[in-house]
Each structure stands twice: as structure tokens, then as C-alpha cells.
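Below is one structure, written out as C-alpha cells, with a few remarks after it.
Quick note: the coordinates plus some simple rules give every number you see, no bench work behind them. As the structure is a computational prediction, the values presented were derived from the model and not from experiment. FYI the Cβ positions are ideal-geometry reconstructions off the backbone, even for glycines, and counts take in every protein chain you see.
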Amino acid sequence: MRCVLVVCLAGAGLMASGACRRETARPQSQVSFRIGMGLGGTSLQSGLPVLINMLFADSLIAVGWNGRPTPRLAESWTWEDDGRTLRLFLRAGATFHDGRPVTSDEVLPVLQRALKEARNTDYFGGFAYVESVEASDDRTIVLRLSRPDAFLLNELTNTTIVASDDPNVGTGPFRIVTRVPHLEFERYGRYYRGVPAIERVEIATYESQRSAWAAMMRGEVDMVQEVARESVDFLQGSSEIETYSSLKPFYIPLVFNLRHPILGRVEARRAVTEAIDRSQIVGDAMRSHGRIADDPVWPSHWAYSTAARRYTYNPVAARLRLDAAGLPIRSAAPGQMASRFHFTCLFWSEDPQFERIALLLQRQLSDVGVDMALEPATLRNLIKRIGANDFDAYLFQVNSGRSFDWTYRYWHSPQPGIPLMQDSGYAGADAILERLRAARSDNETRTAVADLQQRFYEDAPAVFLAWQETTRAVDARFSLGDRTNLDIFANIWQWRPVEPTRRAAR
Amino acid sequence: MKSITSRFVLLIVTAAVLPLVLYGFVSFRSLRAGTEESVAKGNLAVAQQIAKRISLYFENNLRVLTSIGTELRNTQLEPWQQTRILRNHVLDFREFRHITLLDAGGRVLATSRIAQPDADLADLPQSGSAEGFFVAPPHLDSDSLPTTTIAVPLGGGLQDPSWIVAEISLEELWRTVDSIHVGSEGYALLMDGSDTLIAHGNPNDKGLIASGAKASESERRLAAAMREGTEPAPKKFTDARGREILAVIAQVSRPDWTVIVEQPTSEAFAVYSELQRQLIIAIGVALLGTLVVGWFWARSFISRIFALTKVTRAIADGKLDARVALSGNDEIMQLGTAFNSMTDRLVELQEDVRKQERQAMFGRIAAGLVHDLSHPIQNIGNSCKLIQKMFEDAEYRETFKRTVDRELVIIKRVLDDLRNIARPIPLERFVVDVNRSVAESVEAMQPHAETAGLTLQTELSDQPGYIEGDVFALGRVYRNLILNAIQATAPGGRIVVSTDLHGDRVQVRVDDTGCGIPQQRLGAIFEDFMTTKRRGLGLGLAISKKIVEQLGGNVTVTSEVGKGTTFVIDFPRTRARPMLVAG
């Protein structure tokens, strides 16, 4: 009798188990990491040197997402002598990749060489007012300046510490294994901020961003440095690739040549600014992968003033302002549209985004009676014509950094020691930019930034259209850890392989 | 009896569960077939819907382009105005990257492009399609997004056409395919006439698009069947991830593209699987429940039969007070009641039999006593009467004394027999030679045998057979057996008393050539008051058997009616020897 029961129950159990679903496990993750970099094409910069520095060599000071300098190899610093002496205290325990400790004797030649190289160019940058660099003891570096310079700290963030006698010996989380056929790094086990979880990093370079992207689609690389705006949507829903978008310190301005008879007039520039619908620019031309810009100040900077006045899209006000400025719509010659005034805008033709922005701007300005002709230009030609003051207006992307030295360089009128980025005839912000550079306290900086934003509102040399967004794609097998710095590159040494169970959950 | 229970359960299983299982099996098959057909139809409807939307997408773009072209050709607009119109359309219709108006010679009349149009646009009119527009094979743009070029002939006919050509981003089309979710894991994919993937709804397979891959072999076969004009049946295949996929296909009317909707069967048939699981559980529970209920029901049913059997066995073992207690009000209950009534009646009958037996025994004892005691008493009485007359005769007085003593011995013996039945004779054990005791007894009974006209003889073993026994008790046993033989044997007959040694046993046999004892009475001849004779108490054999058993031996009898009877007494031998002999 019991046998009958056992057989029946076993049969029922077998049938029930047959109805169960099975799942297969994914393979184990790897601890080597491959980065795909697009070098050619239309990119202004490939980002490769920046990436290499992030992996290979640390600087004395880093700049945070909010623009604040943060300690790296220098664990602290002090300003002395009314801002004319900067004393840097090196971190104990930091070593070069060959095991040597990072001491003043090792760092000093690096800084001296950087200072020398800066003086050999026409751009001194943050080193412009540095008179001397010396080591006061084993862990203290002293920089003496002829006058206070707030940009010096930012300049130090760009100066990576590499052994003065061997350029292959750095101080970052990864050390170079080989440079050919492609860059290959291995983790540095004595990295002072912690041992990286990823054991090896390879950087594969491709002719273009698209090639790198295709390589990632084929599974050849684990990360692409930058994904095109349009391709981000393409990846939505993928469980194998994660995308990380963040604002990048580049903005797109429509810059005017103030020597133009009409564009040199403040009222005309204001009217043009009011006639432009920047939300349409961001939403349509940039597919919402950006943010409206009001000025060239990094919007996440700690000193950024949210109370600053801003222009809003108001074509009616723009027409009234142009009428008041004595710029009515005049009849046109045959083959031309009737307009208030005419100017030609150069735009970067190699990036399709700029053509679409230019078309939108053309239509929006046409709506208020401004005839903006469009002239495509390659990157090389564009830079050449901007530098030669050969333009009425141009549409381009400008680096702001997360500090103010780039803003200073771009919008300050030409002067010795500062290379000519452009010559639009604008000098309206020079005094404020000088105050910003000489600021020695948070209050002075905050006040100068607010004044700068106000200045760009009252007398703007350009229409600041949008901040660009960058998107990086990373294989979902890697976890990025701490993301207080929204640019994921900043903490690449903290990335680690995701456990299979977590990957499955994702 | 357990097998009956098992049979009951099997009967229940066969009668109740087997049909259920068969029903379930048939249901599974019907359910699966129905589910597969239903899912395939549903997915096919989705695929056809997508194909229809794609066709509408192109038709709409065709209408827009035709409208733009007609507007530009039929109005006297300035070139800059035509350019602005084209650019406005490019800005307003997101899918149009560029729009260009060409004359019959391929010369650009107006374009939305700021830079010069791509040179290959001039080649498009020569590839004109009779269907009214031309769609170039899709390609990936610099952002890896699918793009194609569509050319629409305007007035002038195919002989002298002017064309409006647009580069179209297929992003919206791609989004259409992407937005299709069949269940949570099903998706759609779109491929062109050369089986190159244009859109893939599975996010993890979009790398195939970026690398310009073609569809899988299974998908290509499905598409080939579609192009051959046959309505392809839903196809199942295993994809690169090892999942079984259900695929259906639909044709886009224009252009010649195909839409395939794929869904893992694990999800497509999840409803069926769930129903199957529930059905299996239901059948399992029903099976288990039926078995359990059947088990307990059979137990309750069979247990009453078990109880009846148990009481029957008890009664057979003589426990007449046993009764069966059954519950219920059915045939089994009636059987139990009848059984108890029958047992009650059996007890009454047994009491009657015992009563009759007691009465018979009492009569037999009384008759035996009368027989055994009346003669000596009568002799004593007669002697007493004579002594009164012949008291002076000294010789008679001596005779009187002997007669009375003799008769008193007889009376005493009868009374001793009665007492011995009630209380066993205390025996005094000594080492006894069986041959000797037998010889003495035979010698003492010789006169009785001669009086009856019989031959009484002995056949003793060569060696003495020593046992531990009571000489007088043994003599009584031998005398009883010999006397029985004498009484049962007709004159001229023969009685042999023999001894024999068998290992550690000594046997005494009494054989006669008498009338024999019927087989049915053999078993009772050693019982008290059991006799085959017309007179006597019938205690002789019973007393003999008790004496033999008291001495550690046993007595058996074999008999054949008309031929004679044999009693065999078997004693254990002893190693001891009589004191006299040892001395």
C-alpha cells in the first residue's frame, strides 16, 4: 500500500519538477579592463592624455566637481605672505611606481621643469607670477609669487608628478606595462589611496569615436570614453552596457564680433539673445543631452550665483528692442530676405549637431527679422578665422574647466602672457576677471563670480546657448563605486568587477 | 488480508484517479496546442502591425516629400525661400536629415544642406522604382544610427523626372521597433531585403546593428520562406544565448523589408506552463486526497471484517464469551449481530451438552459403583447371614474372615481409585527393573487369564531395564492394562507383555488379540470415567496414565477393531542401580 502512495507521489513530484523553469548563469567576470578611445574625426581633443594621467600619474592637487581644489599628493597647503607664498605639504606614504617615496627632492624638479616650459611658451597660465620654487624640507614645497594668483592651485592640478629621471615612473593607481602595440597598465599595489580592484587596464585606440563605439558593440572593449548623444538612447534597456551621463565643462556660445557695426551694439546683442529659444536648442538639436547656459561660469562651481539675472526667450521683446535700437525691417535686394540686419555665422561643420543648432538659430532669428547666413567651417579653418578676427559671429564649443582659468583666457582681452584664443573686441569683463584671479578668500571669489555673471548679462559678448553633456559607456560587469564626482573617470581606480549575482539582478 | 486493502485502494485509484490523470494528459495536449496557436497568432498580429506601421511611415514621408516637392515646383519662390522651406521641414520633421530638390539632370535646385549635398544623390534617379519611390539600402551614420535615403520622382514621369531626395534617420522607425515588447522578453527585429539587421528590439543585441551584421541563419530561412510567397509557419529555434525562441514573420509592403517578432518560449508559453503546473498540482492533490480518503475508508470497512475474523478465531480457541462490536447500519453490521446471536446459541448448546455429559457421567459412576461394590457387599452380607448360623463352625469362621477381608480389599480398592482420581497417588521412587516388575505382575494375573481361557505370556528384553519408579504403582498400571486386555479378548486369545530397550528409554508393550477399540474412541480412553465396558467406573486407564506421567513416562495406544490393541509405555532409563544389586 505504501508503495502505491510513494510511486504516485514520486510521479506527481517528477511532473511538477518538470514544469519548473531553468536559468543559466553568466560566466565569471574578468579583472582586466579595456578602454576604447576614438582619436580622429571631429573631436576637439581625444581625452587620451587626460585618461592616461588619471591612470598613471597623480597631481599634487585635484579639482573637485564643484571647483574646489582637493588634496592628492599634497595633503594640505597654506597661503602666506599675503598670498605671495604657497606652502605645499606632501603626503606621507605616497610613492612612485618604482617604490621611491614622493619627497620634495623628487617633486621639485618636476615643478621647476613645468615652470620652465610655461615660460618658454607665450602662455604662463597659473605659473605666470611664480618667481621661485624651493623645498624647505623633505615634505614641504614653497612657491613664491610676485603677486597673488588664485589660478596657481588650478595650474597645479594640471601638473602630474612623474619621476624626473624616468617618464615611465608615475604616481597614479596604475603603472605602465607597455606602450606598444597599445597602452597597457597594471595596478600599482602600493597606491596611497588604495589598491585598485582592476588588475590590468588596456587602452585601445580607434580612428574615430564611432569605431570605438562599434568595438564596444562587438564586445571588444569594456568602456567607451564618449558616446555620441544620439547613441545614448540606443543603449537604453541594455543589461550589458551601462551609460553614465554628466555635464562636461564645455559650453556652446554664439560669439559675436563686436567690431561688427550692429553686433557691436549692446542692445542688438541683447535682442538677439532674447530671440533665441535655448530650450529648443537643447531639446531638439542636442536631444536634451545638455543644459541651458546663461554664462561661461561652470554651473556646479561652489561660487556660482543662482541669483544672477538671466535672459528668457521673448521674441516680442526682441522685436521691440530692435525697433527701439533703430533696426527696423528693411526691404531686401532681389534674392535676399527682408531683414533688420544681416550677419554671417561660422559654425563647426564636422559635428552634425552644430549644423542643426545653426539652422535653428537661423530660423529663430529670422522670426525677429534678423538675417543670419550660415557658413560651415572645418575645425582648423574655424580656429584660424576666429584667431584672425575674420568673422561676424561663430558657433563653437568652448572649454570652461571647473575653475576660472579657461574663462579668464577666453574672455579676457588679448594681453601678453595669454595666447590669443579669439579677438572679438570684447574687454568688458577684464577688470572682473582680474579680480577673480587675485581673489584670496571665498568671499572675494564669490563676489567676483557674481559680478562676472552680472557683467555677462548686461554686456554679453555672446549668446551662451548650452552646456554639453558627455556620456560614457561601461560594460555592466563593472561597478563604479563612489560617484560623488559625476565624471566617472575621476575614480576609475575604484572600479571593480560586479559579482555575477548582482549582474544577473541588473 | 492487507492485499484486500491494497486492492480497494487500487480499485479507487483505477476508478477515480486514472480517469483524472487521463483527463489531465488530454488537457495538457489540448492546452499546449491551443496556447501555441494563440501565442503565435498574437505575435503574428504584432509583427503585421509593425509591418503596417513601417509601411505607413514610408507612405507618410512619401506624402510629405511629394507635397514639399510639388510646393517648390509649382510656386515661384526665390531660391533662398526654397532653401528656407526645406530647412524648416528638416527642423520640423526630425526624421529628415536633409532634403534636396534635383532636376532631371541631377542638378541641385534647392537643398536644406548648408554644405554641398552628397555626390551619390545624383545617382539615385537612375535607380528609380516603379513603385513610385526609391529607398536606398540602410546604412549607419556617424553616430551608428540607421539612416537611409528616399527619392521620390516628381512631375515629368519616369522618362523625365525631377526628384526630391531626403536622407532619413530611421531613428523613429527604430524606436517603433524598440517600443514593441511582447511580454517582458519578447521583441521585434527589422531586416532589409538582404537580411541585414536594421533594428533590433533586444537591447543586448544592438551590437549586431552597429557591426552591420545579418540576421541569424534561422531568421534568414524564415525570411526566405516569406519571400518565396509561402506563409511561413511560426518557427522555433535556439538563439545564441541557448534560449528556445518562437519566431513569427511579417512582410512590409514597401520597402521590401521583413519584421520578425521573437519571444522566448519560456515566456510565450508561460501561461501554459503555469496552467500545466497548477493542473499537475491539482491532480497530485486529488490523487493524494483520493488515496488518503480511500485508505481510511478501506481501513474502516475492512477493520470490521478484521474484527469479525478476530472474534471468530477467539471462539474457535474456546473463548465463547468473545463478541464482536460493530458500528454502522449495513450488511456488515447485520452479519456481526447474527454472528453474536449464533455465538450465544452455541454457548447455550454447550451448556446443554455439559449438563448431559455430567448426568451421563454421574449415571456411569453410579452404575460402576453399584457394580463394583454390590458384589463384595452382597458377599459380605451373605457371609454375615451364614455366620449367624454357622458361628460355631470354626472352619467357617475362618472362611468368613477371609471372605470379608477379601471383599473389603476390593471395596477399598474401588474407594482408593476414586480417591486417586481426586488426588494423585504419592509415589515413592526406587530403582526398579522393569523386567522384574512386569514378570511379577504377569505372574499375578496368570490365574485371571487362565480363567478367561487366554494365553498370557511375556517377552522380556535380555538386559534389565532400570527406571526410577514405584513398584506398587507400576504393578497397578500393569495389572490395569493386562486386566483390560483379558476383558477385551475372547477366549482362546493371546496377550503378550513385552519389554524393550531403546537407547535411554525403556518400553513396555501390552498386545492383545481382542476386539479392538474404534478409532474415534481412542483419544478418550485415558479420560476419567471413560470405559468401553458395560460396567465399571472406567478409572483404570486414567489412573495408569497419571502414574506413568508422574514417573516421567508416557503411554500410547494403537488399536484396530477386530484385531487387537497395543498399549506402549515408555519410561526414561536411569543409570542408577538397585541398592540390593549394588550391595
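Overview of values
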quantity	calculated
Shape of chain A, Cα gyration tensor, a/c cut at 1.5	oblate
Test item: B:202-209 mean partner chain Cβ contacts at 10 Å	6
In degrees, nearest ten, helix B:434-451 long axis to first principal axis of chain B (Cα)	60
Span from the segment A:422-469 Cα centroid across to the segment B:472-489 one, whole angstrom	154
Partners for A:Lys116 among lysines (Cα-Cα distance below 29 Å; same-chain residues under 8 apart left out)	A:Lys384
Modelled FRET efficiency - R0 51 Å, B:Ala307 with B:Leu22, Cβ distances, 0.05 increments	0.85
Helix B:2-12 axis, angle to chain B major axis (alpha carbon atoms, nearest 10°)	30
Eligible lysines near B:Lys389 by straight Cα distance, threshold 19 Å, same-chain separation 8 or greater	B:Lys401
Eligible lysines near B:Lys319 by straight Cα distance, threshold 25 Å, same-chain separation 8 or greater	B:Lys310, B:Lys355
Helix-derived mean residue ellipticity, 222 nm - over the protein assembly as shown, DSSP H n ≥ 4, -39500 (n - 2.57), to 500	-13500 deg cm²/dmol
Prolate/oblate/rounded call for the protein assembly as shown, Cα gyration tensor, a/c under 1.5 rounded	prolate
Hz values of 3J(HN,Hα) by residue in segment B:476-485 - Karplus curve (6.51, -1.76, 1.60), Gly and Pro given as x	5, 4, 4, 5, 4, 5, 5, 5, 4, 5
Relative contact order (%) - criterion: Cα under 8 Å, at least six apart; region: segment B:174-270	27
Using a Förster distance of 22 Å, the FRET efficiency for B:Ala282-B:Ala33 (Cβ separation, nearest 0.05)	0.65
Folded to 0 to 90 degrees: helix A:2-18 orientation relative to chain A principal axis, Cα	20
Relative contact order (%) - criterion: Cα under 8 Å, at least six apart; region: segment A:248-469	37
For segment B:350-441: rounded, prolate or oblate by the Cα gyration tensor [a/c cutoff 1.5]	oblate
Sequence-separation-based contact order of chain B, relative, with Cα cut under 8 Å and 6+ spacing, percent	9
Computed magnitude of the charge dipole of chain B (debye, nearest 20; Cβ of K, R +1, Cβ of D, E -1)	3220
Among beta bridges that DSSP assigns inside the protein assembly as shown, antiparallel share in %, nearest 5	85
Extension gain, A:His342 back to A:Ser441 (0.36 nm per residue minus Cα-Cα distance, nm)	31.1 nm
